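Read through the structure below, which is laid out as structure tokens, and then see the notes.
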Amino acid sequence: MHMIADKLMQVEARLQQASHSAHRPRDAIALLAVSKTQPPARLREAYSAGQRRFGENYLQEAQDKQQALADLAIEWHFIGPIQSNKTQAIAQAFDWVHSVDRLKIARRLSEQRPPEAGPLNICLQVNIDGEATKSGASPEALPALALAVAELPNLRLRGLMAIPAPCTDPEAQRQAFARVRALKDALQAQGLALDTLSMGMSGDLEAAIAEGATLVRVGTDIFGPRMAR
Ligand SMILES: *Cc1c(COP(=O)(O)O)cnc(C)c1O
């Protein structure tokens, strides 16, 4: 009955252990529950167990859930690929967007963000392993993109998001996350005030926390296997 609450407690124990090992305070790391393909009732169950941040990848699906869960004080994060014809709805309905990887999309999100909603929190997605099929700006393109996005009036650039190539070796996982952290440090050295490293998922959150993740995005280990879409 309380399966999601139990899973959340297990993830919480991992977060405590990982932050302790990294000599970091537990509250330096936020947990984003990645709820793509999960029906609203399961998000409601997680909310009842205290979870407030939810991440969605598909706009239409997210909008259906936002309607069904309008009575809850959820912080909504968009983490999926963004087509330019979807920016208006995303700018209206989300608190955070983690998957911005080009200036055109950022400009549209800024133009379309309702001013009364306050600035939209943005992470730039970086393609840290140079995978041909994966979204994200290249490390080389990142500085110019970040400096331009930081100037957009209705966005607040918070940091970087990355999904390293799948890998089960903890040392190799850490190396990829360390490269993301170094990119953020380099941007900060250029004067950008960044406070977010969105990295780490069910299979590699310990390695991400060891390398400075401030937000981990966990789906499977909270909700179980994803349903077919
Ligand atoms: C699906 C997804 C996750 C969650 O992955 P799990 O391995 O299920 O924890 C995290 N981040 C992004 C961008 C995703 O699309």
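Within segment 194-205, can one find any residue that is outside any loop (DSSP other than H, G, I, E, B), within 12 Å of the ligand (Cβ to nearest atom) and in contact (Cβ under 8 Å) with a residue 40 or more places away in the chain?
Within segment 194-205, the first condition is being outside any loop (DSSP other than H, G, I, E, B), and the residues that meet it are 196-198, 205.
Narrowing the set further to residues that are within 12 Å of the ligand (Cβ to nearest atom) leaves 198, 205.
The next check asks that each one be in contact (Cβ under 8 Å) with a residue 40 or more places away in the chain; those that pass are 198, 205.
For segment 194-205, residues outside any loop (DSSP other than H, G, I, E, B), within 12 Å of the ligand (Cβ to nearest atom) and in contact (Cβ under 8 Å) with a residue 40 or more places away in the chain: present.
Could you tell me whether any residue of segment 209-216 is more than 19 Å from residue 53 (Cα to Cα), within 15 Å of the chain's Cα centre (by Cα) and away from the ligand (no atom under 12 Å from the Cβ)? Working first, answer last.
So the first thing to find is which residues in segment 209-216 are more than 19 Å from residue 53 (Cα to Cα), and the list is 210-212.
From what is left, the residues that are within 15 Å of the chain's Cα centre (by Cα) are 212.
Then keep just the ones that are away from the ligand (no atom under 12 Å from the Cβ); that gives 212.
Yes, that holds for at least one residue.
Return yes when residue 33 is within 16 Å of the ligand (Cβ to nearest atom) and either modelled with pLDDT of 95 or more or outside any helix (DSSP H, G or I) (or both) and no when it is not. Reasoning before the result, please.
Values: within 16 Å of the ligand (Cβ to nearest atom): yes; either modelled with pLDDT of 95 or more or outside any helix (DSSP H, G or I) (or both): yes.
When the stated conditions are applied, residue 33 passes them.
Out of curiosity, is residue 208 part of a helix (DSSP H, G or I), out of contact with any helix residue (DSSP H, G or I) (no Cβ under 7 Å at 6 or more places or on another chain) and not charged (D, E, K, R)? So that I can check it myself, show each step before the final result.
Values: part of a helix (DSSP H, G or I): yes; out of contact with any helix residue (DSSP H, G or I) (no Cβ under 7 Å at 6 or more places or on another chain): no; not charged (D, E, K, R): yes.
When the stated conditions are applied, residue 208 does not pass them.
Give me a count of the residues in segment 66-87 that are free of Cβ contacts under 8 Å to residues at least 40 places away in the same chain, surrounded by 17 or more Cβ atoms within 10 Å (Cβ to Cβ) and not in a loop (DSSP other than H, G, I, E, B). Steps first, please.
Of segment 66-87, the ones free of Cβ contacts under 8 Å to residues at least 40 places away in the same chain are 66-76, 78, 82-87.
Filter once more, so that each one left must be surrounded by 17 or more Cβ atoms within 10 Å (Cβ to Cβ): 66, 69, 74, 76, 78, 82, 86-87.
Next cut, not in a loop (DSSP other than H, G, I, E, B) only: 66, 76, 78, 86-87.
So the answer is 5.
Among the numbered conditions (1) out of contact with any Ser or Thr (no Cβ under 9 Å at 6 or more places or on another chain); (2) among the hydrophobic types (A, V, I, L, M, F, W, C); (3) more than 27 Å from residue 7 (Cα to Cα), tell me where residue 165 comes up short.
Only one criterion is unmet by residue 165, namely (3).
Keeping to segment 13-30, report how many residues are over 17 Å from the mean Cα position of the chain (by Cα) and outside any helix (DSSP H, G or I). Spell out how you get there, then give the answer.
To start, the set of residues in segment 13-30 that are over 17 Å from the mean Cα position of the chain (by Cα) comprises 13-14, 16-26.
From what's left, outside any helix (DSSP H, G or I): 22-25.
Counting residues in segment 13-30 that are over 17 Å from the mean Cα position of the chain (by Cα) and outside any helix (DSSP H, G or I) gives 4.
The values are calculated or read from the model by the stated rules, or taken from the named source; none is laboratory data. Not measured: the values here are computed from a predicted model. Positions of Cβ are generated from backbone atoms using ideal geometry, with glycine treated the same way; all protein chains shown enter the neighbour counts.
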